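Note sheet for the following structure.
The values are calculated or read from the model by the stated rules, or taken from the named source; none is laboratory data. What you are looking at is a predicted structure, and each value in this text was computed from that prediction instead of being measured. Here the Cβ positions follow ideal geometry from the backbone for every residue, glycine too, while neighbour counts run over all protein chains shown.
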Amino acid sequence: MIEKVPIHSHRVRKVPKQFSWLDHRLVRDRYIERCTHQAAALYLFLVTVADGEGLSYYSDPSVIKRLSMDERALCEARENLIGLKLIAYEKPLYQVLSLDSELRPSLSQTRTPMDQPMSFGQVLKKIAGDLS
């Protein structure tokens, strides 16, 4: 039997309070909005196949076959998830990481220009058509 050791032992995944391995913070903290479709599929796959610590050893050919994607798409999806700090990867080991609140993206990173706060005066000017 292979002994698995977490890549990031301080970020071992725990079951969230709600009844799901998929943490609601994926949506609430807007991680899902920054995932490509391929990255979201890979994340779902990894959450499904991982053990209690979020670890799995699925090979690239196996993931490619199961998710019907090519090698390039898998690499891009994996890099997207790593960039969002949702997974860690050291070939051949994947680790689904916990969603810690200190790692949550700030609102300024996820807001579009229309979501930026405006003063009451700016709102009135916008209504009057003075701002574009």
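Scan segment 15-39 residue by residue and report those that are over 20 Å from Asp100 (Cβ atoms) and either at pLDDT 95 or above or among the β-branched types (Val, Ile, Thr) (or both). Selection gives Thr36, His37, Gln38. Could you please let me know if Leu74 is within 19 Å of Asp100 (Cα to Cα) and either of a type in the set (D, E, K, R) or in a helix (DSSP H, G or I) (or both)? Answer is no for this residue.
Does Tyr58 satisfy the criteria of being among the hydroxyl-bearing types (Ser, Thr, Tyr), free of Cβ contacts under 8 Å to residues at least 60 places away in the same chain, assigned to a helix (DSSP H, G or I) and in contact with a helix residue (DSSP H, G or I) (Cβ under 7 Å, 6 or more places away or on another chain)? In short, no. Residue by residue through segment 42-54, note down the ones that are surrounded by fewer than 19 Cβ atoms within 10 Å (Cβ to Cβ) and among the aliphatic types (A, V, I, L, M). Matches in segment 42-54: Leu44, Val49.
Scanning segment 61-81 for any residue that is touching a Lys or Arg at 6+ places or on another chain (Cβ under 8 Å), acidic (Asp, Glu) and either modelled with pLDDT of 95 or more or under 29 Å from Lys14 (Cβ atoms) (or both) turns up nothing. Exactly one residue out of Glu76, Glu71, Glu90 is surrounded by 14 or more Cβ atoms within 10 Å (Cβ to Cβ) and acidic (Asp, Glu): that is Glu76.
Among the residues of segment 33-55, those that are assigned to a helix (DSSP H, G or I) and under 20 Å from Val5 (Cβ atoms) comprise Leu46, Val47, Val49.
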